[in-house]
Every structure is written in structure tokens, then in C-alpha cells.
Amino acid sequence: MNTRRITAATVAACWGLLLATILVPWSRLLLPSMAAPTKAPPLPTIVTIEDLAGEPWPWPRLDLTLLLRAVSPYRPAPVGLLLPLDAPDVLEPVQDDQLSRTLSAFEAPVLPAVAFREEAGAEKLNLTPFPHRGSLGGIRPAEGFLAPEDSLRRTSHLTGWKVTPEAGRHVHRIPLVFRQGDQAVPSWFLEMYARAFEADLGRSELSGHTVILRDDQGRDLQKIPVDLRGSVPVDWESPDPAAAKMEIRSVVLASEQERIGVTPVHALGSISKKPLIVAGTLPEVDPAIDSPWGQKSMIDAVLRAWNRLAAGPLPVLHPPRWAILGTVFVAAWVGLLLPAGFLLRLGSALGMAVAVFVIGWLAARFGGYSGALPLSLGSAWALLLSDPLLRWLETGHVR
């Protein structure tokens, strides 16, 4: 008798687990987002390089220098360059020094960089560590990428960055933290986002799979759950964020127009003390990304992830394996203990589903855990199946 009960409960739990696994793509359905930051960071202003299309790559650094000089009187902060600047300007090397001096006018501008592999003759960059507690297993390593040209590193802050499109050129996640050796390092995106609302990354930390951002007094500003790779999801379901977008040469023109008293093509005063990102949106430096809204660029994915975190991050963590297995096994055993009667069992299954979903909803709201709907339906299915399986085993048709 006990063997049959154990067998029936185990098989029912397996069927419930299978259903929950099938429903994983809907693991965030009907769940709330986590708490928004106490001080919401504004969306960054985007300056693109689209008006440099048609010119041979790599483009002269003079364009970037003129842009940064044009916006420096308005003191945007933070300033981040999402461009590959790994090679020196081969035509006019002096432009690298000019760009470096221009960058020094800003407070630690953020450049994307990563450590090279530790191979013979290869350079090793040590990125700024990010305090962490717990294991870093599974976090993406920061190695094997390109780093900015040497003259640009002296006046800039280097952070890890690499985003790899998945199947079908879709980008579903943006990295928040990387792993370098036995240390965690913040990504370019995290550095820009944290600075935008004055979080102190030296006092912040990665605790397990949650990034906790704090101010310079050690007060919690926001908790952001990350997946096992240290990333956050891109919210492609929402409309395009209403971020201001300009182009390099039009910004330089607007600066000159303001200087001579002509109505400028852009009101550059709007970027004062706000985040500014200089990004590539051309195939030479920024591969196209397929999305539900058509082809997008990497900066579109960055803006959507930024907007989502500012409004409250989506739940991204799956429950621990022991919680998933325990829930479906408990549901299967409850089904064995119930008296006969289809309506009673159906009502109990619905009650189990509601109870599991409510607990999952609370876990999503306060802990960033997803999967409430798949687990609730899987538990209900295990409860419904366990007693019919037991009765089928007891009829003697299975020896």
C-alpha cells in the first residue's frame, strides 16, 4: 500500500512538474514588478552617430571631441560612451589625446571595457570590484573583450560590457554584473544607472542574486533581482521609451547657434545634470536586433531595461529547486488524503492553485521571484492526478 501511494504521488508530481516546465515562458504573467527606486533616475538623452553614415570606419575622433566640447557647458551627468574605442586613430593620432583631454572635463565618464584573457603577451585589465556576498557561480566572466585605447583610459572609468544576441538576433537580457576572478564587477549599464540617481557602488553590493543599490550614507535605494548570469530582462512588451535623441553634428550645430544667438535646433539646456549616452546605431558598430517592434539597436535595449528598472524591476528569479519540488509533492500527497468526489477534488485543486499563486505573487513583489502561474497550475494538476493514479495502481492492472 505505501509503495503504491509513493508511486502515485511521485508520478503525479512529475506530471505537475512537466506542466509547470511547459508554462515557463509565462512565468511573469500576472505578477507585479518590484519596488521602484526611492529617487527615480531620469531617462538618458541619447546622442547617436547616424549622421556619420557613409564615411569610412573608423570615424575620426574629432567628431566625438567636438560633441563633448559642445555639451560640456551644460554639465550632463553621468556621461557614457557606448562605442568601440579599442584602436587608436591611425590617421591623426593626436586626436586621441584631444579626446582624452575633453573627457577629463567630465566627472569620470564611463567607457565600456573588459579584461583580456590571461594569455602570453595579452594585457590584463583589473576592473573596479563590486562588493558581493555569496557564490559567483554562473555569473558571466569579464574576459575576452575589447578595451578602450590606452590614452582614453587615463581620464575615464572603465566598466565591463558585452551583450550577445540570442537565437534569431533577439536580445532578452542586459548584463548588470560580471565576474572577474573571484570578484564581481559592475557592468557599464549598472554604472550609468546607479550614477543617474547618485547611488554609491562602493557601498552597494551583490547579495546572492540581488543587486542592492545604496547611497553614500549606506541607505538602501533599490533592490534589483538578476538571473543566474547576472542580467536583467529587456522589457520588449512596452512601447518605446520617450527618451530624447539627437545626432552628433546637430548637437554641435545647436551649440554654435546658441553661441551666436540663433534659435538652436536642440534645446541643449535640457541635458543639464541628466544622463547622456553617446551610442552607435549603425551596422558598423552596432548590429541590428530583432524585436517584437521590428529591428532595433543596442541602445533601444538599454533604454527599455533602464526604463523598466526605474519603474520597478520585473521578477526574474525562479524559485529554488527544493521549493518547486516540495510544492508539487505536497500537492500530490494532499490529493491522496482527500475523500472521493470530483467536485471536492476540483475545488481543492483550485484552492491549491490560488494559494500557491498568492504566495508566488508576494515572492515576486518583495523577492523578485517569478513562476507563480506555472507552479500554481502544476500543483493543481498534481493534486488532481494523484488519486486516480493510486486507484489505477490498486486495481491490479499494473504488476
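The values are calculated or read from the model by the stated rules, or taken from the named source; none is laboratory data. On a predicted model such as this, the values are computed, not experimentally measured, just so you know. Positions of Cβ are generated from backbone atoms using ideal geometry, with glycine treated the same way; all protein chains shown enter the neighbour counts.
Looking at the structure I just gave you, is A36 in a loop (DSSP other than H, G, I, E, B) and either within 30 Å of A199 (Cα to Cα) or at pLDDT below 90 (or both)?
Numbers: in a loop (DSSP other than H, G, I, E, B): yes; either within 30 Å of A199 (Cα to Cα) or at pLDDT below 90 (or both): yes.
In short, yes.
Got a number for residues in the stretch 136-150 being hydrophobic (A, V, I, L, M, F, W, C) and in contact with a Pro (Cβ under 8 Å, 6 or more places away or on another chain)?
Initial filter on the stretch 136-150 (hydrophobic (A, V, I, L, M, F, W, C)): 136, 139, 142, 145-147.
With the extra rule that they be in contact with a Pro (Cβ under 8 Å, 6 or more places away or on another chain), the set shrinks to 146.
Adding up the residues that qualify gives 1.
Can you find a residue in the stretch 353-375 that is closer than 19 Å to R5 by Cβ, in the same structural domain as A12 (by TED's automatic domain parsing) and either in contact with a Gly (Cβ under 6 Å, 6 or more places away or on another chain) or modelled with pLDDT of 90 or more (or both)?
So in the stretch 353-375, the residues closer than 19 Å to R5 by Cβ come out as none.
No, the stretch 353-375 contains no residue that is closer than 19 Å to R5 by Cβ, in the same structural domain as A12 (by TED's automatic domain parsing) and either in contact with a Gly (Cβ under 6 Å, 6 or more places away or on another chain) or modelled with pLDDT of 90 or more (or both).
Can you name the residue in the stretch 310-338 that is touching a Lys or Arg at 6+ places or on another chain (Cβ under 9 Å) and of a type outside the set (A, V, I, L, M, F, W, C) and is also modelled with the lowest pLDDT among such residues? Spell out the reasoning first.
Applying the first criterion (touching a Lys or Arg at 6+ places or on another chain (Cβ under 9 Å)) to the stretch 310-338 yields 313-316, 333, 335-336, 338.
With of a type outside the set (A, V, I, L, M, F, W, C) added as a condition, the list becomes 313, 315, 335.
On the way: P313: 92, P315: 92, G335: 89.
Checking each candidate, the answer is G335.
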Legend entry - When residues of the stretch 244-264 are limited to those that are in contact (Cβ under 8 Å) with a residue 60 or more places away in the chain and hydroxyl-bearing (S, T, Y), the one nearest to L68 (Cα to Cα): S255
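How many residues are assigned to a helix (DSSP H, G or I) and farther than 28 Å from M192 by Cβ when one looks only at the stretch 293-352? Working first, answer last.
Within the stretch 293-352, the first condition is being assigned to a helix (DSSP H, G or I), and the residues that meet it are 298-311, 321-337, 342-352.
Applying the additional criterion that residues be farther than 28 Å from M192 by Cβ yields 321-337, 342-352.
So the count comes out to 28.
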Inset, instruction - Could you please give the count of residues in the stretch 359-399 that are among the polar types (S, T, N, Q), free of Cβ contacts under 8 Å to residues at least 60 places away in the same chain and either outside any helix (DSSP H, G or I) or surrounded by fewer than 18 Cβ atoms within 10 Å (Cβ to Cβ) (or both)? - result: 1
Inset, instruction - Considering (1) modelled with pLDDT of 85 or more; (2) in a loop (DSSP other than H, G, I, E, B); (3) touching a helix residue (DSSP H, G or I) at 6+ places or on another chain (Cβ under 6 Å), say which one T102 fails and leave the rest. - result: (2)
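Of the residues V278, V252, which is touching a strand residue (DSSP E or B) at 6+ places or on another chain (Cβ under 9 Å) and either surrounded by 16 or more Cβ atoms within 10 Å (Cβ to Cβ) or in a loop (DSSP other than H, G, I, E, B) (or both)? Quick ask: steps written out before the conclusion?
Numbers: V252 fails: touching a strand residue (DSSP E or B) at 6+ places or on another chain (Cβ under 9 Å).
Matching residue, one of V278, V252: V278.
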Inset, instruction - Please name all residue pairs, on different chains or six or more residues apart, with Cβ atoms under 9 Å, provided the first residue is in the stretch 159-180 and is closer than 20 Å to D86 by Cα and of a type in the set (G, A, S) and the second residue is at pLDDT below 90 and in a strand (DSSP E or B). - result: G160/P112; G160/A115; G160/Q180
Inset, instruction - Consider only pairs whose beta carbons are under 7 Å apart and that are at least six residues apart or on different chains; among these, list those whose first residue lies in the stretch 314-337 and is farther than 15 Å from W381 by Cβ and whose second residue is assigned to a helix (DSSP H, G or I) and of a type in the set (K, R). - result: L314/R308
Legend entry - Candidate set from the stretch 122-144 (those that are in contact with a strand residue (DSSP E or B) (Cβ under 7 Å, 6 or more places away or on another chain) and aliphatic (A, V, I, L, M)); member that is nearest to V177 (Cα to Cα): I139
Legend entry - Scan of the stretch 221-273 for residues that are farther than 30 Å from L136 by Cα and either small (G, A, S) or not assigned by TED's automatic domain parsing to the domain that holds A301 (or both), ordered by number: S238, A242, A243, A244, S250, A254, S255, G261, A267, G269, S270, S272
Inset, instruction - Would you tally the residues in the stretch 362-377 being within 21 Å of the chain's Cα centre (by Cα) and not small (G, A, S)? - result: 3
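I'd like the residue in the stretch 56-84 that is modelled with pLDDT under 80 and under 16 Å from A279 (Cα atoms) and, out of all such residues, is surrounded by the fewest Cβ atoms within 10 Å (Cβ to Cβ).
W57
Can you name every residue in the stretch 183-208 that is surrounded by 22 or more Cβ atoms within 10 Å (Cβ to Cβ) and touching a strand residue (DSSP E or B) at 6+ places or on another chain (Cβ under 6 Å)?
Within the stretch 183-208, the subset surrounded by 22 or more Cβ atoms within 10 Å (Cβ to Cβ) is 184-194, 196, 199, 204, 206.
Across the stretch 183-208, the qualifying residues are A184, V185, P186, S187, W188, F189, E191, M192, A194, A199, S204, L206.
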